[in-house]
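The values are calculated or read from the model by the stated rules, or taken from the named source; none is laboratory data. Given the structure is predicted, the values throughout are model-derived calculations rather than measurements. A quick note on method: Cβ atoms are made from the backbone with ideal geometry, for glycine too, and the neighbour counts reach across all protein chains shown. What goes into the accessible areas is simple: the full protein's heavy atoms, side chains included, and nothing from ligands, DNA or RNA. Shrake-Rupley method; radii C 1.70, N 1.55, O 1.52, S 1.80 Å.
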Amino acid sequence: MAKQEDLFKNVISHAKEYGYIFASSEIYDGLSAVYDYGQNGAELKKNIKEYWWRSMTQLHQNIVGIDAAILMHPTTWKASGHVDAFNDPLIDNKDSKKRYRADVLVEDHAEKLLQKAEKEIAKAKKRFGEDFDEEMYRETNPRVKRYLGERKEILERLARSLTNEDLADVKSLIEELEIADPETGSKNWTEVRQFNLMFGTKLGASADSATDLYLRPETAQGIFVNFLNVQKTGRMKIPFGIAQIGKAFRNEIVARQFIFRMREFEQMEMQFFVRPGEELEWYEKWKETRLNWHKSLGLGEENYRFHDHEKLAHYANAAADIEFDFPFGFKELEGIHSRTDFDLKAHEEHSGKKLRFYDPELKENYVPYVIETSIGLDRMFLAVLSSSLKEEELEDGNTRTVLKLPAVLAPTKAAILPLVKKDGLPELAQKIVDDLKWDFRVQYDEKDAIGRRYRRQDAAGTPLCITVDHDSLEDNSVTVRFRDSMEQKRVPIEELESIVRKETDFKTWMKDFI
Ligand code: ATP
């Protein structure tokens with residue numbers, strides 16, 4: 001655990017040191033749970049967006065993208081249920097004055113039981129070696145059975161009491177499980193209360209005529225209210241999808257864990273409209289498609305797992321999260337929801353406008369059902385950053401810090417390095433920069449010894465270094481060094497463009513995963 005905490009601290013300090021993420025308005029001591037992306041962070045974020053956007057709107061002929069406004073008519077949020085039901089159950093500790101999400105306290109307790117069971121299983125696996133039957137062990141070992149049984153019971157009771165809005169029972173659960181304030185150990189809790197997460201603001205100049213608005217807490221509703229505009233003007237036929245990337249705002253109760261839970265963040269959402277009755281088939285398809293998208297980036301398949309929801313949101317008939325193994329454990333990275341016809345129907349009711357599709361094959365008018373895929377861009381950023389940061393022992397006994405970002409996402413694709421700052425090497429290096437810069441973000445770097453420059457680029461996440469030496473002037477070749485393997489290859493200058501393309505191209509990364 002301590003090691004994991006260290007890793008997380010390293011990720012945060014590395015993110016700052018290399019211009020990825022800064023606290024917002026840092027000179028004024030920052031703003032809680034709001035962050036700014038620096039010169040490298042902005043590039044990485046843009047590349048993640050691009051990777052998602054192209055996968056959605058370019059690789060699927062039946063998905064188009066929109067960019068709706070952050071401010072929406074206030075009735076939108078009445079229709080969507082956010083005014084009445086976008087609440088988190090919160091609880092305060094009377095001694096420490098710290099505020100927590102009551103459901104998260106219980107879920108963390110359940111997660112600990114799972115970890116205990118997994119630990120027992122891992123120990124047994126080691127002891128029994130090849131002959132170990134994990135399935136049987138799970139079912140028969142009394143300790144493992146107890147841990148897993150207790151966990152299941154706790155999660156089921158939590159789901160039940162949240163669905164029934166029985167907050168007193170959530171409080172009882174916290175007391176019965178003797179859950180303590182994670183920071184101070186105190187068990188002196190207040191009652192559990194609901195707290196609406198939307199940020200309010202005002203539209204209009206004078207106080208009396210101003211209209212109360214909300215900053216959108218999700219991008220999805222911008223898609224629903226435009227469903228018919230896009231369907232008609234794009235001549236879209238069901239099944240089809242509408243994708244969107246944009247800011248969302250939530251007044252999160254507990255906003256810790258860096259960019260995992262922010263008050264201002266970005267979402268990449270896609271709503272896929274299908275025939276009623278076919279939604280669960282599409283739901284399964286999208287679960288698989290989205291997991292494949294994640295796998296394509298090569299961050300490690302063991303870092304992902306599905307979590308099927310026990311407690312379904314008011315609009316869903318099936319829901320799962322793709323969880324990622326962040327430095328603080330497995331947590332939600334993306335949600336995939338079968339939202340039924342809830343949203344379109346609610347907007348029909350509140351607006352009085354029909355939001356239907358005439359299906360020429362069925363010769364029928366209906367309100368489509370919707371499968372949503374919703375991923376937090378900043379959480380994806382954190383997944384990429386935290387799983388890429390490595391301390392490596394080298395053969396010569398030294399260590400290096402390397403940010404093994406997927407090359408397709410890396411802010412800088414190649415650094416061009418003249419071996420020395422004279423003899424015409426800078427000029428040739430600059431020429432290479434001028435050639436490559438049309439297609440790739442490349443960087444010229446001549447300061448310090450070559451070894452130090454390699455290390456600097458490793459730590460910044462640059463996948464390729466291109467070194468120009470004296471021989472280059474004669475043979476028109478350069479040395480390409482690959483960040484991850486540290487392998488070096490002599491190549492003709494004219495091949496550089498295709499080498500960089502092969503390493504960093506969208507197609508190279510994505511083509512085996514669609
Ligand atoms: P959580 O349970 O972690 O609060 P959620 O279930 O409320 O998340 P959704 O409403 O399904 O999240 O939002 C879709 C996605 O948006 C999430 O999977 C997550 O990646 C991202 N997201 C949600 N809230 C935040 C936040 N406060 N900061 C950063 N990303 C967020």
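Tabulated data for the structure shown
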{"read-out": "Highest-first arrangement of 357-367, 146-156, 398-408, where packing means the average Cβ count within 10 Å", "value": "398-408, 146-156, 357-367"}
{"read-out": "Listed peptides 484-492, 383-391 by packing density, highest first (mean Cβ within 10 Å)", "value": "383-391, 484-492"}
{"read-out": "Local net charge near GLU284, Cβ-Cβ under 12 Å (Lys/Arg +1, Asp/Glu -1)", "value": "-2"}
{"read-out": "Accessible surface of GLU348 - all protein chains present, 1.4 Å probe, nearest 10 Å²", "value": "20"}
{"read-out": "Gain upon complete extension [GLU495, ASN476; 0.36 nm per residue less C-alpha separation]", "value": "5.8 nm"}
{"read-out": "Per residue value of the accessible surface for the chain (all protein chains in place, 1.4 Å probe), Å²", "value": "50"}
{"read-out": "Degrees, to the nearest 10: 425-436 long Cα axis against longest axis of the chain", "value": "40"}
{"read-out": "About the Cα centre, charge dipole magnitude for the chain (Lys/Arg +1, Asp/Glu -1 at Cβ), debye", "value": "640"}
{"read-out": "Subset of LYS285/LYS331; LYS437/LYS502; LYS78/LYS202; LYS49/LYS413; LYS97/LYS311 violating a 20 Å alpha-carbon distance limit", "value": "LYS285/LYS331; LYS97/LYS311"}
{"read-out": "Helical mean residue ellipticity (222 nm; -39500 (n - 2.57) per DSSP H run of 4+; nearest 500) of the chain", "value": "-12000 deg cm²/dmol"}
{"read-out": "Length added when fully stretched, LYS345-VAL420, from 0.36 nm per residue minus Cα-Cα", "value": "20.2 nm"}
{"read-out": "Estimated inter-spin distance, LEU59 and LYS123, nm [label 7 Å along Cα→Cβ]", "value": "4.3"}
{"read-out": "Net length gained if the chain between GLU165 and GLU427 were fully extended (0.36 nm per residue, minus Cα distance)", "value": "87.3 nm"}
{"read-out": "Percent carbon-and-sulfur accessible area, the chain, ignoring ligands, DNA and RNA, probe 1.4 Å", "value": "48"}
{"read-out": "Order of exposure, largest accessible area first, which applies to THR211, THR163 with probe 1.4 Å", "value": "THR163, THR211"}
{"read-out": "Protection proxy ranking, peptides 53-62, 412-421, 25-34, average beta carbon neighbours within 10 Å, highest first", "value": "412-421, 53-62, 25-34"}
{"read-out": "Model label zone, THR190; criterion: amide N under 11 Å from point 7 Å along Cα-to-beta-carbon; scope region 83-123", "value": "90-95, 97-100"}
